[in-house]
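S.K.: Attaching a single structure in structure tokens format; questions to follow.
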Amino acid sequence: MTISQNLIYLGRQAKITSSLIVINIAWFVISRLCDSRSFVDSLKNLFLVDWGADVSQLTFSGQYWRMFTSLFMHVSLSHLLMNMIALWSVGIILEKRLPKFAFIGIYFLSGLISNLVSDIANLDRTVISCGASGAILGIITALLAYSLVNRANLKEMPINAIIISLVLTAGLGLLPGINNMAHLGGAVAGFGLGLVVSLLIKWFGYSSKFTVLFICLLFIVTIWCIYMGYVHYELPDNLKYHY
């Protein structure tokens, strides 16, 4: 098989993970082709903000959608590549073990929580946050939770994939200017969601109606908590920040 055939085969084995990677790469390419400011260091921050990066003052001024759009924005090619390699390393493993909607839910809810935590931590200063790191760390820790619930022998855990992904994603936190609060929020959220989902699958079965029902309830409660957190910190009209 050729390299392209191998990639197509692997992509079909993990369609959601592959789709997330394609969307992230496509958004990176499209945004750069449409906006030359991305190539000018002095204008890059403006470029990132205009294309959906998360800034707490803007997010809490009514632009709540930034908590979502920032998950697809990456500062540089190296930032994008390291995140996508980390996502691929664990995504193809976890996606096969969870219902599709549960995998998607954990990814995006971890990302939203990571950005909300970051926004709350940086409410008194301007920090431009972007990247899928929080969501990916959620997938990594969800895989860890799944392994702990379903594997009595720790030697059978997909340790190599977890370590590689943690080094690529969390390891970025050692670099200056990286938002570690977002990383922490995504990791904790992913572990908690992954633990509950894994327990539900173990108790009721992979495709049980009870499993689907309780996972849906879990996600609804999580979304409600995100909403309540956002509303609590939303800036009053006289303090709203307009860009």
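The values are calculated or read from the model by the stated rules, or taken from the named source; none is laboratory data. Remember, it's a predicted structure, so these values are computed and weren't measured experimentally. Backbone-built Cβ (ideal geometry, glycine too); neighbour counts: all protein chains shown. We work out accessible area using only protein heavy atoms, side chains counted, and drop any ligands, DNA or RNA first. Shrake-Rupley method; radii C 1.70, N 1.55, O 1.52, S 1.80 Å.
S.K.: Could you say which residue among 143, 98 is open to solvent by less than 10 Å² (accessible area, probe 1.4 Å), in a helix (DSSP H, G or I) and either modelled with pLDDT of 65 or more or not β-branched (Val, Ile, Thr) (or both)?
M.R.: 143
S.K.: Tell me, which residue of region 203-213 that is closer than 14 Å to residue 102 by Cα and open to solvent by 80 Å² or more (accessible area, probe 1.4 Å) is modelled with the highest pLDDT?
M.R.: 213
S.K.: A follow-up question, please. Can you name the condition, by its number, that residue 50 falls short on among (1) open to solvent by 10 Å² or more (accessible area, probe 1.4 Å); (2) under 15 Å from the mean Cα position of the chain (by Cα)?
M.R.: So the condition that residue 50 fails would be (2).
S.K.: Which of the residues spanning region 101-118 are surrounded by fewer than 24 Cβ atoms within 10 Å (Cβ to Cβ) and aliphatic (A, V, I, L, M)?
M.R.: 104, 109, 117
S.K.: Just to be sure I understand the filter: pairs with C-beta atoms under 9 Å, separated by 6 or more residues or on different chains, first member in region 193-219 and assigned to a helix (DSSP H, G or I), second member at pLDDT below 95 and among the charged types (D, E, K, R). Which pairs pass?
M.R.: Listed pairs, sorted by first residue: 198/97; 201/97.
S.K.: Please verify whether residue 41 is farther than 30 Å from residue 208 by Cβ and free of Cβ contacts under 8 Å to residues at least 40 places away in the same chain, treating the condition exactly as stated.
M.R.: For residue 41, the condition - farther than 30 Å from residue 208 by Cβ and free of Cβ contacts under 8 Å to residues at least 40 places away in the same chain - is met.
S.K.: Now for a different question. Can residue 81 be described as surrounded by fewer than 19 Cβ atoms within 10 Å (Cβ to Cβ) and within 15 Å of the chain's Cα centre (by Cα)?
M.R.: Taking the combined requirement at face value, the residue satisfies it.
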